[in-house]
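Engineer: Can you read through this structure? Questions will come right after.
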Amino acid sequence: DAGVIQSPRHEVTEMGQEVTLRCKPISGHDYLFWYRQTMMRGLELLIYFNNNVPIDDSGMPEDRFSAKMPNASFSTLKIQPSEPRDSAVYFCASTRALSGNTIYFGEGSWLTVV
Amino acid sequence: KQEVTQIPAALSVPEGENLVLNCSFTDSAIYNLQWFRQDPGKGLTSLLLIQSSQREQTSGRLNASLDKSSGRSTLYIAASQPGDSATYLCAGPTSGNTPLVFGKGTRLSVIA
């Protein structure tokens with residue numbers, strides 16, 4: 001398997017622009033996670049899906065953030081409008097089950113908002 | 001709310017040394033525990049998974065232990081090598097149906 005695939009790997013955008021991050025989980029994995037990593041706060045869970053259904057979005061910082069999973073092989077994280085404080089690395093991860101299963105991460109999307 | 005602390009935040013050791021990385025949870029109700037490695041500019045790679053019924057796991061030069069009663073875990077690296085230089089993160093869920101909570105990691109540098 002190719003692993004978790006994220007795109008774009010790097011994005012630089014201007015404040016106020018819309019940003020869309022994409023993720024393809026590992027085939028057969030029922031859970032998909034979106035994390036954000038910063039030096040100050042470490043790795044934070046934003047939202048996770050089970051069988052394409054959002055289970056917990058309490059980590060989404062504000063209404064500017066939204067995530068969708070239209071099918072088992074694709075998810076998006078959208079920021080609209082973007083702000084400089086959104087600059088971070090955004091990781092997508094997937095796993096077969098929450099209990100006792102290894103979680104696999106993508107390489108991350110490095111976002112810079114200027 | 002579960003919080004994970006990793007000590008030390010950074011560590012530099014000469015090649016060949018044995019070392020221990022620490023991880024502790026504010027809520028000792030940890031279901032299982034994973035240790036991850038993150039190289040600069042990369043995602044996280046799972047190293048070891050200690051299942052809920054286990055106390056430790058070993059893979060090569062790595063050994064991880066979990067003490068649920070105290071909410072602590074350690075990662076032991078034997079005979080460290082420059083290739084071990086990376087950030088090591090621990091993570092665990094509080095139950096079998098909750099997602100992982102991560103520590104901020106320990107940045108390890110092994111000097112040749």
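Engineer: Taking A:Gly3, is it free of Cβ contacts under 8 Å to residues at least 60 places away in the same chain and open to solvent by less than 30 Å² (accessible area, probe 1.4 Å)?
Structural biologist: So A:Gly3 does not fit the description; no.
Engineer: Testing A:Val12 on (1) of a type in the set (A, V, I, L, M, F, W, C); (2) surrounded by fewer than 15 Cβ atoms within 10 Å (Cβ to Cβ); (3) within 11 Å of another protein chain (Cβ to nearest Cβ); (4) within 16 Å of A:Ser109 (Cβ to Cβ), one condition comes back false. Which one is that?
Structural biologist: Among (1) of a type in the set (A, V, I, L, M, F, W, C); (2) surrounded by fewer than 15 Cβ atoms within 10 Å (Cβ to Cβ); (3) within 11 Å of another protein chain (Cβ to nearest Cβ); (4) within 16 Å of A:Ser109 (Cβ to Cβ), A:Val12 violates only (3).
Engineer: Of all strands (runs of 3 or more DSSP E) completely enclosed by chain A, which ones contain at least 1 residues that are touching a strand residue (DSSP E or B) at 6+ places or on another chain (Cβ under 6 Å) and of a type in the set (Val, Ile, Thr)?
Structural biologist: A:5-7, A:10-13, A:19-24, A:31-38, A:42-50, A:53-56, A:74-79, A:88-95, A:109-113
Residue-wise test of (1) more than 22 Å from B:Val101 (Cβ to Cβ); (2) modelled with pLDDT of 95 or more; (3) not small (Gly, Ala, Ser).
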residue	(1), (2), (3)
B:Ala10	no, yes, no
B:Gly16	yes, yes, no
B:Leu21	no, yes, yes
B:Ile30	no, no, yes
B:Leu33	no, no, yes
B:Phe36	no, yes, yes
B:Gln51	no, no, yes
B:Arg55	no, no, yes
B:Gly60	yes, yes, no
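Engineer: Okay, next question. Select, from A:Lys68, A:Lys24, the only residue that is open to solvent by 50 Å² or more (accessible area, probe 1.4 Å), more than 11 Å from chain B (Cβ to nearest Cβ), touching a residue at least 24 places away in the same chain (Cβ under 8 Å) and under 11 Å from the mean Cα position of the chain (by Cα).
Structural biologist: When all the criteria are applied, what remains is A:Lys24.
Engineer: Taking segment B:3-22 as the search range and keeping residues that are within 13 Å of chain A (Cβ to nearest Cβ) and open to solvent by less than 60 Å² (accessible area, probe 1.4 Å), which one is nearest to B:Gly71 (Cα to Cα)?
Structural biologist: The residue in question is B:Val4.
Engineer: B:Arg37 is checked against (1) assigned to a strand (DSSP E or B); (2) within 14 Å of another protein chain (Cβ to nearest Cβ); (3) more than 18 Å from A:Gln37 (Cα to Cα) and fails just one. What number does that condition carry?
Structural biologist: (3)
Engineer: Also: State whether the residues of segment B:48-69 include one that is assigned to a loop (DSSP other than H, G, I, E, B), over 10 Å from the mean Cα position of the chain (by Cα) and at positive phi.
Structural biologist: yes
Engineer: Sticking with this one: Please give the number of the condition B:Thr106 fails out of (1) surrounded by fewer than 20 Cβ atoms within 10 Å (Cβ to Cβ); (2) in contact (Cβ under 8 Å) with a residue 24 or more places away in the chain; (3) within 14 Å of another protein chain (Cβ to nearest Cβ).
Structural biologist: Of everything listed in (1) surrounded by fewer than 20 Cβ atoms within 10 Å (Cβ to Cβ); (2) in contact (Cβ under 8 Å) with a residue 24 or more places away in the chain; (3) within 14 Å of another protein chain (Cβ to nearest Cβ), B:Thr106 misses just condition (1).
The values are calculated or read from the model by the stated rules, or taken from the named source; none is laboratory data. Note that the structure is predicted; figures quoted are calculated from it, not measured. Counting neighbours? That spans all protein chains shown, and the Cβs are built from the backbone with ideal geometry, glycine included. For accessibility, only protein heavy atoms count, side chains too; no ligands or nucleic acids. Shrake-Rupley method; radii C 1.70, N 1.55, O 1.52, S 1.80 Å.
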